[in-house]
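The values are calculated or read from the model by the stated rules, or taken from the named source; none is laboratory data. What you see is a predicted model; the values in this text were computed from it and never measured. When we count neighbours, we look across all protein chains shown, and the Cβ atoms used for this are built from the backbone with ideal geometry, even at glycine. Calculation scope for accessible area: heavy atoms of the full protein, side chains included, ligands and nucleic acids excluded. Shrake-Rupley method; radii C 1.70, N 1.55, O 1.52, S 1.80 Å.
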Amino acid sequence: MNRKIVTVFGSSQPTPPDPDYDVAYELGRALARAGWTLCNGGYGGTMEAAARGAVEAGGHTIGVTLASFSARRGGANPYIRQEVPTFDLLSRLNTLLRLGRAYVALPGGTGTLLELAAAWEMLAKGLLPPRRPLILLGQYWQPVVELASGDRPVELQPLVVGSVSEVIALLLKTWNAQPAPGTAAADPGDVDPP
């Protein structure tokens, strides 16, 4: 069975009752209720919150972990149902991007910034298949978008939204759109997870 996988980037720091944790939890629930698989870095903070929300709503989760992080952080969080271990940071980043059919960035630090920047650049350069939205949930990354956008066309910029429901609506709109003439109907991102 092919599943749409949404890769969520976020911080390892927030814990309940932090509002960022709550938003990530609601995002995970909404993605699972829509029938999509959640993929993330697999550790604590908003990664745990999103995975917890997805699992508690009956969804599937994939955690792309890194050996050196797992040694320090005690392994994947308990809400990860499928772990994909990697052994270096670039492999981890590549796996997160390769698995995702869409990307949602939550507030975070330099690790989240790295993920956001890599996804944005690879989409802008055509190194990832088309029709893979990059969505920023909340205004946290807005200064980065303004700084980095320069003269890039609007269609190559991340989509900034203010709510989980807007994320779901954008994904539905993107994935329900008819493919352009001459393009394949199936996206290579519609695959069974490894």
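Would you compute, from DSSP H runs of 4+ residues alone, the mean residue ellipticity of the chain at 222 nm, taking -39500 (n - 2.57) per run and dividing by the full residue count, rounded to the nearest 500?
Working: 7 runs with 80 residues, N = 194.
Mean residue ellipticity, 222 nm, calculated: -12500 deg cm²/dmol.
If you average over every viewing direction, what projected area does the convex hull of the Cα atoms of the chain give, in nm²? Before the final figure, lay out the partial values.
Details: hull surface 42.1 nm².
For the Cα atoms of the chain, the hull's average projected area reads 10.5 nm².
Rounded, prolate or oblate: which fits the range 97-170, taking a ≥ b ≥ c as square roots of the Cα gyration tensor eigenvalues, rounded meaning a/c under 1.5, else prolate when a/b beats b/c? Walk me through the numbers on the way to the answer.
Working: a/c = 1.25, a/b = 1.08, b/c = 1.16.
Cα axes put the range 97-170 in the rounded bin.
Return one whole number: the accessible area per residue of the range 115-160 in Å², for a 1.4 Å probe.
For the range 115-160, the per-residue accessible area is 55 Å².
Working only with C-alpha atoms, what are the Rg and Dmax values of the range 51-164, expressed in angstrom?
15.0, 43
If I stretch the segment between Q142 and Q13 completely, what's the gain in nm (0.36 nm per residue apart, minus their alpha carbon distance), one decimal?
44.4 nm is the gain from fully extending Q142 to Q13.
Sum up the charges of everything whose Cβ sits under 12 Å from the Cβ of T86, counting Lys and Arg as +1 and Asp and Glu as -1, but leave T86 out. Before the final figure, lay out the partial values.
Values: positive: R92, R98; negative: E83, D88.
Overall, the nearby charge balance is 0.
Using r as the Cβ-Cβ distance of R131 and Q82, and R0 as 22 Å, what FRET efficiency do you calculate, to the nearest 0.05? Write down the numbers at each step before the final one.
Working: r = 24 Å, r/R0 = 1.11.
Rounded to the nearest 0.05, the efficiency is 0.35.
Could you sort 22-29, 91-98 so that the peptide with the highest average Cβ count within 10 Å comes first and the rest follow in order?
Numbers: 22-29: 23.2, 91-98: 19.5.
Top to bottom by mean Cβ count within 10 Å: 22-29, 91-98.
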